[in-house]
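For reference, the structure is listed below as structure tokens.
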Amino acid sequence: MTSETITAASAGTWQLGDLTVNRIGFGAMRLTANGDGTPSDRDRAISVLRRAVELGVNHIDTAAFYFSPLRSANELINRALAPYPDDLVITTKVGPGRDPSGAWLPLAAPEQLRGQVEENLRQLGRDHLDVVNLRVHGTDSIAERFGALADLRDAGLIRHLGISNVRPHHLAEAQAIAPVVCVQNQFGIGDRLQAGRDRDEFLRTCGEQGIAFVPFFAIAGAGREAGTSGTENDELLSVARAHGASAAQVRVAWTLHRGPHVLAIPGTGNPDHLAANVAAGALRFSEDELARLESVHQRGG
């Protein structure tokens, strides 16, 4: 498929609270470093961000802990896009933290979350954050941490709240404290189970409640930060060939077919990959193709 004239509007829109976003967004994690771990080219990263907005992307996912020795995703976003377009929604995450060397720190305590929110505000050059996801590890209660973010929302530092890397009981726990506009979890073709629980069921639950479901690692799958393994399922490749598309585009488009509440945030530091990711929002699969891809999904990719 050609991607030159396809914009992020091709996939339709969804509401994050009172904010309207195109369902194809952009993940900033891969802006700061190359695949081999070396720092990215600053000018190229800035050009990718600006091109994303030109292509209609108005939902960017980032975090203060997205940085390499020379690059910070938030500061790249600030440099590339400020003053920000009125319709641009920047979603960030708090909870995890890294020291200056890049080593991961223990999850922030409730009283430390304000500092993380203020760090994002400073780096992005904003007076409030559009959406903040509480990033979770494990199954423990999130009530204290989410409650601390709800207080910051009441104080005007945050507009809307979400949760990331969570289980269904976390969603119920958070909703008892404050509205949740999005759930950001790992999900993609063949990536069905989380500790024995069905990811598909959780995705459907979010849709029934009008909550955006935002998959991460939708292209990389089990490879996570390392990326895809380089091998692909023959059935998936057959669908890709029928559309003149790449396997990565099929993977992104497939997540969007799971429901109108699903938002894609593929990330890249490559301008050609950016255009291809945005163009994936225009892919439409037949019932037969969806059935074939569902079979791949059920078999585990």
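Structural remarks
- Look at segment 237-258: where a residue is touching a residue at least 24 places away in the same chain (Cβ under 8 Å) and within 17 Å of GLU287 (Cβ to Cβ) and a partner is aromatic (Phe, Trp, Tyr) and buried (at least 23 other Cβ atoms within 10 Å of the Cβ), sitting 6+ places away or on another chain with Cβ atoms under 8 Å, you get ARG258/PHE213.
- Of the residues making up segment 82-95, those that are surrounded by 14 or more Cβ atoms within 10 Å (Cβ to Cβ) and hydrophobic (A, V, I, L, M, F, W, C) are LEU88, VAL89, ILE90, VAL94.
- Identity of the residue in segment 149-175, touching a His at 6+ places or on another chain (Cβ under 9 Å) and within 20 Å of PHE213 (Cα to Cα), that ends up surrounded by the most Cβ atoms within 10 Å (Cβ to Cβ): ILE163
- Sole exception among (1) surrounded by fewer than 21 Cβ atoms within 10 Å (Cβ to Cβ); (2) modelled with pLDDT of 95 or more for PHE146, by number: (1)
- Among the residues making up segment 245-301, those that are within 26 Å of ASN34 (Cα to Cα), in a loop (DSSP other than H, G, I, E, B) and in contact with a Phe, Trp or Tyr (Cβ under 9 Å, 6 or more places away or on another chain) are LEU263, ILE265, PRO266, GLY267, THR268.
- Filter pass, ASN74 being of a type in the set (S, T, N, Q) and closer than 20 Å to SER164 by Cα: yes
- Test: residue in segment 286-295 that is under 13 Å from GLY190 (Cα atoms), buried (at least 22 other Cβ atoms within 10 Å of the Cβ) and among the hydroxyl-bearing types (Ser, Thr, Tyr): no
- Residues within segment 176-194 that are loosely packed, with under 15 Cβ neighbours inside 10 Å and either under 24 Å from VAL117 (Cβ atoms) or in contact (Cβ under 8 Å) with a residue 40 or more places away in the chain (or both), tallied: 2
- Listed by first and then second residue, the pairs with beta-carbon distance under 7 Å, at least 6 apart or on different chains, first residue in segment 196-218 and without any contact (Cβ under 8 Å) to a residue 60 or more places away in the chain, second surrounded by fewer than 12 Cβ atoms within 10 Å (Cβ to Cβ), are ARG199/LEU193; PHE217/ARG224.
- For segment 113-139, taking the residues that are touching a helix residue (DSSP H, G or I) at 6+ places or on another chain (Cβ under 9 Å) and free of Cβ contacts under 8 Å to residues at least 24 places away in the same chain, the one that is nearest to SER72 (Cα to Cα) is identified as ARG122.
- Looking across segment 56-81, just one residue is surrounded by fewer than 23 Cβ atoms within 10 Å (Cβ to Cβ), among the aliphatic types (A, V, I, L, M) and within 21 Å of ARG23 (Cβ to Cβ), and that is LEU81.
- Elements of type strands (runs of 3 or more DSSP E) in segment 1-72, at least 2 residues being in contact with a Gly (Cβ under 7 Å, 6 or more places away or on another chain): 59-61
- Residue among GLN15, GLN116, GLN112 that is at pLDDT 95 or above, within 17 Å of VAL214 (Cα to Cα) and among the polar types (S, T, N, Q): GLN15
- Tabulated pairs, segment 20-34, first over 13 Å from HIS273 (Cβ atoms), second of a type in the set (Lys, Arg) and part of a loop (DSSP other than H, G, I, E, B), C-beta under 8 angstrom, 6+ apart or interchain: THR32/ARG71; ALA33/ARG71
- Within segment 125-167, being part of a helix (DSSP H, G or I) and in contact with an Asp or Glu (Cβ under 8 Å, 6 or more places away or on another chain) holds for ALA143, PHE146, ALA148.
- Some residue of segment 239-249 being at pLDDT 95 or above, among the hydrophobic types (A, V, I, L, M, F, W, C) and exposed (fewer than 14 other Cβ atoms within 10 Å of the Cβ): yes
The values are calculated or read from the model by the stated rules, or taken from the named source; none is laboratory data. This is a predicted model, so every value here is computed, not measured. Here Cβ is always computed from backbone atoms with ideal geometry, including for glycine, and neighbour counts include all displayed protein chains.
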